[in-house]
1. Quick check, is residue 198 aliphatic (A, V, I, L, M) and either out of contact with any Gly (no Cβ under 9 Å at 6 or more places or on another chain) or surrounded by 14 or more Cβ atoms within 10 Å (Cβ to Cβ) (or both)?
2. Return the total of residues in segment 109-138 being exposed (fewer than 13 other Cβ atoms within 10 Å of the Cβ), touching a helix residue (DSSP H, G or I) at 6+ places or on another chain (Cβ under 9 Å) and among the polar types (S, T, N, Q).
3. Counting only residues that are modelled with pLDDT of 85 or more and either of a type in the set (S, T, N, Q) or touching a Pro at 6+ places or on another chain (Cβ under 7 Å) (or both), which one in segment 169-195 is farthest from residue 227 (Cα to Cα)?
4. Going through segment 132-168 one residue at a time, which ones are outside any helix (DSSP H, G or I), of a type in the set (Gly, Ala, Ser) and modelled with pLDDT under 85?
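The values are calculated or read from the model by the stated rules, or taken from the named source; none is laboratory data. All values derive from a computational prediction rather than experimental measurement. Don't worry about glycine lacking a Cβ; one is built from the backbone with ideal geometry, like all the others, and counts go over all protein chains shown.
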Amino acid sequence: MSQFIDAVLVVFGAGCCGVAMWLVTNSALSKWWTRQWVLSRLSETPYHATSPKQQEQISVADFLDAIAREVHSGYSLTLAFVNTAERYSSHTWWTEPIAVRCIRGHSLAAAIADTSPQNWTADVALAARTLSVASNGGYGIVNTLERSASIMREREHVAHERDAQTAQIRLSTEVLSWIPLVVFAWVVTQQSHARTFLLSSPLGLLCIALGLLFNIAGRKWITRIARNST
């Protein structure tokens, strides 16, 4: 009977350890093990893929302001978009398909409607809607573009403020999640009977697996709460 209980504990502990390892590797693989990474390794080319968030470092708000200046100088909105898209190379991942359609004779609104917005960020989507509406003509195009740019900058400021407010939570999570590991390492190295129980018995291994599982799950839970609050 005792052997059966030990076997159950070992299986359960192994399962908990597997879940803990999945929680660790899932976040790491989702960030680094991408299709572009694999293709770059196969083709022996350096990997410098950037996300739309990183490509948006030159603000979309600045992009709209540049278009507004072009329109204010006398260009049509479509021509202003094409000219500005050529200068802002960091935005070509979303502006180039639209600009190509505009050069082929499509209106700006039709070009935007024909473009797939799958990887668009919130600011890019807002800019596209603003440009689509403004392309219908009428007065106040420059004011419309500048107003949308102002809204984007205000949202970015609010996001930075929320990041600053949750910084203490993230720091506390880092500290509290490392303390149990430090205590475990100290107990294992300093107390032989605790080391024997934790590393040599099924119940001890189960305790380690459960501890790692709860530690990682709690850390990810707090991180998700902090991310949702921003």
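1. Numbers: aliphatic (A, V, I, L, M): yes; either out of contact with any Gly (no Cβ under 9 Å at 6 or more places or on another chain) or surrounded by 14 or more Cβ atoms within 10 Å (Cβ to Cβ) (or both): yes.
It is true that residue 198 is aliphatic (A, V, I, L, M) and either out of contact with any Gly (no Cβ under 9 Å at 6 or more places or on another chain) or surrounded by 14 or more Cβ atoms within 10 Å (Cβ to Cβ) (or both).
2. Residues meeting the conditions: 3.
3. Ranking the qualifying residues of segment 169-195, first place goes to 192.
4. Those that are outside any helix (DSSP H, G or I), of a type in the set (Gly, Ala, Ser) and modelled with pLDDT under 85: 137, 138, 140.
Residue by residue, here is whether (1) of a type in the set (Lys, Arg); (2) in contact (Cβ under 8 Å) with a residue 60 or more places away in the chain; (3) not assigned by TED's automatic domain parsing to the domain that holds residue 65 holds:
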| position | (1), (2), (3) |
| --- | --- |
| 123 | no, yes, no |
| 132 | no, no, no |
| 142 | no, yes, no |
| 145 | no, yes, no |
| 155 | yes, no, yes |
| 158 | no, no, yes |
| 169 | no, no, yes |
| 174 | no, no, yes |
| 182 | no, no, yes |
